[in-house]
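These notes concern the structure reproduced below.
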Amino acid sequence: MTIYPQFSETEPRHNWTRDEVEGLFTQPFNDLIFAAQTVHRAHFDANEVQFSQLLSIKTGGCPEDCGYCNQSASFDTGLKASKLMQVEAVLSEAQKAKDGGATRFCMGAAWREPKDRDMAAVCAMIKGVKAMGMETCMTLGMLSDDQTTKLRDAGLDYYNHNIDTSPEYYDKVISTRVFQDRLDTLERVRNAGMNVCCGGIVGMGEQDSDRVGMLMALANLPEHPQSVPINALMPTTGTPLGQSDELHPVEFARMIAVARIMMPKSVVRLSAGRENMSDEMQALCFLAGANSIFVGEKLLTTSNPGKTHDDVLIERLGLRSMDAHTNPSAHEVPGKPAPNHADAAE
Ligand code: SAM
Ligand code: DTB
Ligand code: SF4
């Protein structure tokens, strides 16, 4: 009789084989959750969750055709496009997020890549949010070397750039870029010394093998992404994937648990899709090793449970807020002093 499952290694590894990962996914659920909790507790306080808040700083009209996204100009979703927000307006939203309990602020733009003329405003947003003491994250699409350096010098803590699905399923979801484009930007971000936030979406009609492939692609990167968002598709009418079947809650929890085991020191984020999840399902995800959620009424453009509901759930589960800058896998991104700074003059 097996009383205890095989414990997984609790230190990061980068040589996961398909057989091993399939083995993790298909073990009995209780064994999987036990292993995930064991790995989780080796590096994190199991009752701490990071509260992050999103803001869409530039909405809609995107030239890419990601089949899940209501912000693509290729699909008629009824979403109104808008220009890049003013820096002051972004900082005012960040302050509200902080007052509401968020310790991390993630700014997203519906761009294929930023325009150089927008970089000064984007960097001012980073500096302003950082000065409030929150962790900063941005997701702006593909980056050039120069843009990457500018973000790093502004002190950006994390750059979010998802691989979204397996390399094999990628061209069924997106035709305007290839998987390697994503890897190239991730490499730039990593080499510049920023922390990487990279994950994907489930419930897009992918096979079990695609969920295996996606986690292998993430965990076998030269460094584990310090932050791994697992999104449940928020289906929108008008997008090619708007009618996809939801993944069963147990399969979703398995995805979180396997991500936790494969990337033991990373913050695993229970990201989009909480609006459609029961409290019990979310509790299962925390048990599986998720330790961050997006708070607030809205994600970027779609709805989220909101503070009233979340506060009750968080209290019911006895969860506490994780302090900013305590991710054990992340490094500090100090930013470059302004040219007139005393140290810079040396
Ligand atoms: N345009 C940039 C990009 O794609 O990298 C940044 C913004 S984009 C909205 C950020 C991420 O949000 C995507 O990579 C995808 O993983 C996620 N996302 C977008 N639409 C979603 C949806 N309907 N459901 C779940 N996740 C979604
Ligand atoms: C991530 O993986 N999920 C967040 C964040 N990174 C940028 C975005 C979720 C977006 C969900 C659809 C929307 O609200 O527009
Ligand atoms: Fe554009 Fe990002 Fe949406 Fe793709 S996911 S259509 S790149 S905003």
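Rule-based calculations on the coordinates, nothing more; no lab input. Everything quoted here is computed from the prediction, not taken from an experiment. All Cβ positions, even for glycine, are placed from backbone atoms using ideal geometry, and neighbour counts span all protein chains on display.
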Filter region 95-117 down to the residues that are touching a strand residue (DSSP E or B) at 6+ places or on another chain (Cβ under 8 Å) and either away from ligand 1 (no atom under 16 Å from the Cβ) or not in a strand (DSSP E or B) (or both) and list them by number.
ALA97, LYS98, GLY100, GLY101, ALA102, THR103, ALA110, TRP111, ARG112
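Could you check, for region 223-242, whether at least one of its residues is under 19 Å from the mean Cα position of the chain (by Cα) and surrounded by fewer than 18 Cβ atoms within 10 Å (Cβ to Cβ)?
Of all residues in region 223-242, those under 19 Å from the mean Cα position of the chain (by Cα) come to 223-235.
With the extra rule that they be surrounded by fewer than 18 Cβ atoms within 10 Å (Cβ to Cβ), the set shrinks to 223.
So far as region 223-242 goes, yes, one or more of its residues are under 19 Å from the mean Cα position of the chain (by Cα) and surrounded by fewer than 18 Cβ atoms within 10 Å (Cβ to Cβ).
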Kindly check whether there is at least one residue in region 38-45 that is closer than 26 Å to THR139 by Cα, in a loop (DSSP other than H, G, I, E, B) and free of Cβ contacts under 8 Å to residues at least 40 places away in the same chain.
no
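Condition test on LEU186, is it more than 14 Å from ligand 3 (Cβ to nearest atom), of a type in the set (A, V, I, L, M) and not in a loop (DSSP other than H, G, I, E, B)?
Numbers: more than 14 Å from ligand 3 (Cβ to nearest atom): yes; of a type in the set (A, V, I, L, M): yes; not in a loop (DSSP other than H, G, I, E, B): yes.
Yes: the conditions hold for LEU186.
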Assuming SER321 fulfils every condition listed in (1) surrounded by fewer than 18 Cβ atoms within 10 Å (Cβ to Cβ); (2) closer than 16 Å to ILE201 by Cα apart from one, which condition is it?
(2)
Count - residues of region 255-280 that are away from ligand 1 (no atom under 16 Å from the Cβ) and either under 19 Å from TYR68 (Cβ atoms) or surrounded by fewer than 24 Cβ atoms within 10 Å (Cβ to Cβ) (or both):
4
Pairs under 8 Å by beta carbon, first residue on the phi > 0 side of the Ramachandran plot in region 46-62, partner in a loop (DSSP other than H, G, I, E, B) and surrounded by fewer than 18 Cβ atoms within 10 Å (Cβ to Cβ), six or more apart or different chains?
GLY60/ALA73; GLY60/LYS80; GLY60/ALA81; GLY60/SER82; GLY61/ALA73; GLY61/ALA81
Just checking, how many residues over region 48-72 are out of contact with any strand residue (DSSP E or B) (no Cβ under 6 Å at 6 or more places or on another chain) and surrounded by fewer than 17 Cβ atoms within 10 Å (Cβ to Cβ)?
2
Per the filter on region 55-88, residues of a type in the set (A, V, I, L, M), within 13 Å of ligand 3 (Cβ to nearest atom) and more than 23 Å from ASN304 (Cβ to Cβ) are ALA73
Filter result (over 19 Å from HIS331 (Cα atoms) and either outside any loop (DSSP other than H, G, I, E, B) or away from ligand 1 (no atom under 14 Å from the Cβ) (or both)) within region 133-170
SER144, ASP145, ASP146, GLN147, ASP164, PRO167, GLU168, TYR170
Would you mind stating whether THR77 is more than 16 Å from ligand 2 (Cβ to nearest atom) and closer than 28 Å to ARG211 by Cα?
no
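Could you list all residues from region 291-327 that are part of a strand (DSSP E or B) and among the β-branched types (Val, Ile, Thr)?
First, pick out the residues of region 291-327 that are part of a strand (DSSP E or B): 292-295, 298, 303, 320-321.
If the condition is that a residue be part of a strand (DSSP E or B) and among the β-branched types (Val, Ile, Thr), then ILE293, VAL295 are the ones that fit.
Mind listing just one residue for me: the one in region 223-253 that is among the small types (Gly, Ala, Ser) and out of contact with any Pro (no Cβ under 7 Å at 6 or more places or on another chain) and, of those, farthest from PRO28 (Cα to Cα)?
The initial filter retains those residues of region 223-253 that are among the small types (Gly, Ala, Ser), namely 227, 232, 238, 242, 244, 253.
This time we only want the ones that are out of contact with any Pro (no Cβ under 7 Å at 6 or more places or on another chain), so: 227, 232, 238, 253.
Values: SER227: 27, ALA232: 22, GLY238: 38, ALA253: 13 Å.
Taking the candidates together, the pick is GLY238.
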